[in-house]
Amino acid sequence: MTSTYHVPVMLNASLEALHIDGDGARTGQWMDATFGGGGHSHAILERLGPEARLFGFDQDPDAAKNALDDARFTLVAANFRFAPQFLRAHGALPLTGILADLGVSSHQFDTPERGFSLRHDGPLDMRMNVQSGQPAHAWLATVEVRELTQVLRKYGELTRPDRLAHRIVAAREERPILTTHDLIRVLSPTAPRGKENKHYAKIFQAIRIHLNDELGALEDLLTHAISMLAPGGRLVVMSYHSLEDRLVKHFMRSGNFEDDVQKDMKGRVLAPFHPLVRKAIVAQDEEMDANPRARSARLRVAERTEWMP
């Protein structure tokens, strides 16, 4: 495991949420949906017994260098939305617990050529898997104003996204937008004074979410979790912006993304999950000071019920 690849956020809270924070050697079959640098997986394995199994998923080819040398561990080079097929092939269903630490890893932010960071100038890529899909600069070179406006509004929750879209399209006619700082230069006149980075971050977030279909993949994972988890199994999700957190909160509470809570004749909630925390868990001040990424983290946990939709 490469310690500098990614610092796991709320590690102890995640283990507690999975109900493996004790000293006992747990059994069962587990899934780390976002393997990354392997920090969460390493800690999980330390608490599992010899017969347990852990499956780590990561679509980023860079994550392979962090694969754990443990017979109980299997790294799957794929997006977590495809987990049911892989786990079924390995005879790994049902699961005892699922952990998903969403968003961009520290490694991805800190690698200029990945194009995620505001600080580093590099190719405007933004793909989680650089071996597939369309890089951001290629998409921005052809996208129409209407589609770009919709993406900025839906995934960036920006004020007047139409103005931003028109500006980007007009700028590309004069000069290709190929790097992260090319895009920032185009956007700089639109940034509120003193809030420039927050403004740019929202735009980068919107483009990144769209290119990687991040919310669609999250919806797939949550939906698949119903059939993948055994009753009593834990679903633990850590998100970093309100769009993700809202989906997770609604699904854990109602079993759907519209948050339409169904009840039986006695008023009992009919849902595949029972939330174990009312409010999202947040990092302690000490961790926020040591790891700025933890500031926006929101952790939610739910237990699989017996109910099936």
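Things to note:
- Test: residue in the stretch 68-79 that is farther than 27 Å from residue 130 by Cα, out of contact with any Ser or Thr (no Cβ under 7 Å at 6 or more places or on another chain) and part of a helix (DSSP H, G or I): no
Listed here are the residues, each with its yes/no results for (1) under 16 Å from residue 201 (Cα atoms); (2) surrounded by 14 or more Cβ atoms within 10 Å (Cβ to Cβ); (3) not charged (D, E, K, R).
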| residue | (1), (2), (3) |
| --- | --- |
| 139 | no, yes, yes |
| 142 | no, no, yes |
| 154 | yes, yes, no |
| 159 | yes, no, yes |
| 166 | no, yes, yes |
| 175 | no, no, no |
| 179 | yes, yes, yes |
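- Selection count where residues are assigned to a helix (DSSP H, G or I), in contact with a strand residue (DSSP E or B) (Cβ under 6 Å, 6 or more places away or on another chain) and within 19 Å of residue 210 (Cβ to Cβ), scope the stretch 94-148: 0
Quick grid of which residues meet (1) crowded, with 18+ Cβ neighbours inside 10 Å; (2) touching a Leu at 6+ places or on another chain (Cβ under 9 Å); (3) in a helix (DSSP H, G or I); (4) not small (Gly, Ala, Ser):
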{"residue": "197", "(1), (2), (3), (4)": "no, yes, yes, yes"}
{"residue": "204", "(1), (2), (3), (4)": "yes, yes, yes, yes"}
{"residue": "232", "(1), (2), (3), (4)": "no, no, no, no"}
{"residue": "243", "(1), (2), (3), (4)": "yes, yes, yes, yes"}
{"residue": "252", "(1), (2), (3), (4)": "yes, yes, yes, yes"}
{"residue": "288", "(1), (2), (3), (4)": "no, no, yes, yes"}
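- Selected residue [in contact (Cβ under 8 Å) with a residue 60 or more places away in the chain and hydrophobic (A, V, I, L, M, F, W, C)] from 170, 136: 136
Conditions tested, residue by residue: (1) in the same structural domain as residue 150 (by TED's automatic domain parsing); (2) among the hydroxyl-bearing types (Ser, Thr, Tyr).
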site: 172; (1), (2): yes, no
site: 180; (1), (2): yes, yes
site: 190; (1), (2): yes, yes
site: 196; (1), (2): yes, no
site: 204; (1), (2): yes, no
site: 221; (1), (2): no, no
site: 227; (1), (2): no, yes
site: 230; (1), (2): no, no
site: 242; (1), (2): no, yes
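- Failed item, numbered, when residue 309 is tested on (1) in a helix (DSSP H, G or I); (2) not assigned by TED's automatic domain parsing to the domain that holds residue 241: (1)
- Among (1) more than 19 Å from the chain's Cα centre (by Cα); (2) closer than 13 Å to residue 237 by Cβ; (3) part of a strand (DSSP E or B) - the single one residue 274 does not satisfy: (2)
The values are calculated or read from the model by the stated rules, or taken from the named source; none is laboratory data. In this text the structure is predicted, and so the values were computed from the model without any measurement. Cβ: placed from backbone, ideal geometry, glycine included. Neighbour counts: every protein chain shown.
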